[in-house]
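The values are calculated or read from the model by the stated rules, or taken from the named source; none is laboratory data. Every value quoted in this text rests on a predicted model; they were computed, and no experiment measured them. So basically every Cβ, Gly included, is an ideal-geometry build from the backbone, and we count neighbours across all protein chains shown.
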Amino acid sequence: MHKLPDFVIAGERRSGSTTLYEILKQHPEIGMHAVSDLDYFIGQPLFSLKDGAEANDNAWERNHAIEGYEKLFDGLNGIVGHKDADLLWWRPSHSRMATHLPDTKFIFVLRNPAKRAESQYWNEFRKGREKSTFKEALAREEKAALTPWQQLHLQYKARGCYVDSLAHFTKHIPKDRVLVVVLENLFADLNNELKRICDFSGASSTGIEKLAAVHSNKEEVLVINPKYKNTLIEKMIGFYDRGANAIIKRIAKSKEEKNKLKTRFTRLGKISARLAYPISKADLKELSDFYLPFNKKLEDEYGVSTEKWKTYKA
């Protein structure tokens, strides 16, 4: 007999959902799926590195049955969970989960929205999906009708309006099956926050002090030093990178291992993108101010404290 997950960590992209996933993997009563982002409830073509894929929601409904999803959790024991950082944002997934997961609980890990947007921007820049400056990228959201692919990967500002996404989510799934966790509060008071999470998921909170606080997906975005641009050195670095990436692609057994190897072996002639193409403090301050009413509404409606978001220095 197959088993549906007892809970899903649905978070937001670059908001700390992987951190909680790695912490809960250590819990002896919890069986977390080995793949950190299953992306089952979102059309796979949207996860390409290039635009052009359609959401094709009708095709998803035709090609996904509950039996296929249940089989993903074969072999997992205890309280079963998995994680997907896009499920809060991707609204077509909400009705799908309401249909397929009638009793599953959802844990949303949320981070300072301005810092989250900046981190997502640099992550997409690193992957090669993002070509614009941060300021241009935010302006693109305001001016243009984005493709489904752009909505999933290159929409930074709107993703941080967490309370709007939660309002849509709870139209489909009752609020009593939702727990909101603020990442900064998790790090500041790990044991108490983990007790809250365990009580919600049904796991025992005995021994939670032994669970290590893992800071996952630390961001390091490297680019060729601008002083080497349009020189022979840039060509040599490009030649070296292509060779290194080809080898890494063959030997890496997971996305995580691939990223670690790339960070280690493709540093030649590189510096931090944050230093090479800095985002202005004024732009980050403006973004932080934009989120204030959304953060206040989140506090009022979900009983969480976002006080630590106010101390973020752009």
So which residues in the stretch 166-177 are under 12 Å from residue 106 (Cβ atoms) and part of a helix (DSSP H, G or I), if there are any at all? 166, 169, 170, 172, 175, 176, 177
Checking residue 67 against (1) over 24 Å from residue 184 (Cβ atoms); (2) of a type in the set (D, E, K, R); (3) free of Cβ contacts under 8 Å to residues at least 60 places away in the same chain, which test does it fail? (3)
When the stretch 178-199 is checked residue by residue, the ones that are touching a residue at least 60 places away in the same chain (Cβ under 8 Å), buried (at least 17 other Cβ atoms within 10 Å of the Cβ) and not polar (S, T, N, Q) are 178, 179, 180, 181, 182, 183, 184, 186, 194, 197, 198
Check residue 180 against each of (1) modelled with pLDDT under 95; (2) touching a strand residue (DSSP E or B) at 6+ places or on another chain (Cβ under 8 Å); (3) outside any helix (DSSP H, G or I) and name the one condition it does not meet. (1)
Taking the stated definitions as given, is residue 212 among the hydrophobic types (A, V, I, L, M, F, W, C), modelled with pLDDT under 95 and either within 24 Å of residue 109 (Cβ to Cβ) or surrounded by 13 or more Cβ atoms within 10 Å (Cβ to Cβ) (or both)? yes
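This table checks each residue for (1) assigned to a helix (DSSP H, G or I); (2) within 30 Å of residue 207 (Cα to Cα); (3) assigned by TED's automatic domain parsing to the domain that holds residue 199; (4) modelled with pLDDT of 80 or more.
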residue: 23; (1), (2), (3), (4): yes, yes, yes, yes
residue: 26; (1), (2), (3), (4): no, yes, yes, yes
residue: 36; (1), (2), (3), (4): no, yes, yes, yes
residue: 41; (1), (2), (3), (4): no, no, yes, yes
residue: 52; (1), (2), (3), (4): no, no, yes, no
residue: 62; (1), (2), (3), (4): yes, no, yes, no
residue: 89; (1), (2), (3), (4): no, no, yes, yes
residue: 94; (1), (2), (3), (4): yes, no, yes, yes
Residue pairs, Cβ under 7 Å, 6 or more apart or interchain, first in the stretch 222-237 and touching a residue at least 24 places away in the same chain (Cβ under 8 Å), second in a helix (DSSP H, G or I) and among the acidic types (Asp, Glu). List them. 224/234; 228/234
Flag if residue 35 is of a type outside the set (S, T, N, Q) and touching a strand residue (DSSP E or B) at 6+ places or on another chain (Cβ under 6 Å): no
Among the residues of the stretch 110-137, what is the count of those that are buried (at least 23 other Cβ atoms within 10 Å of the Cβ) and assigned to a loop (DSSP other than H, G, I, E, B)? 2
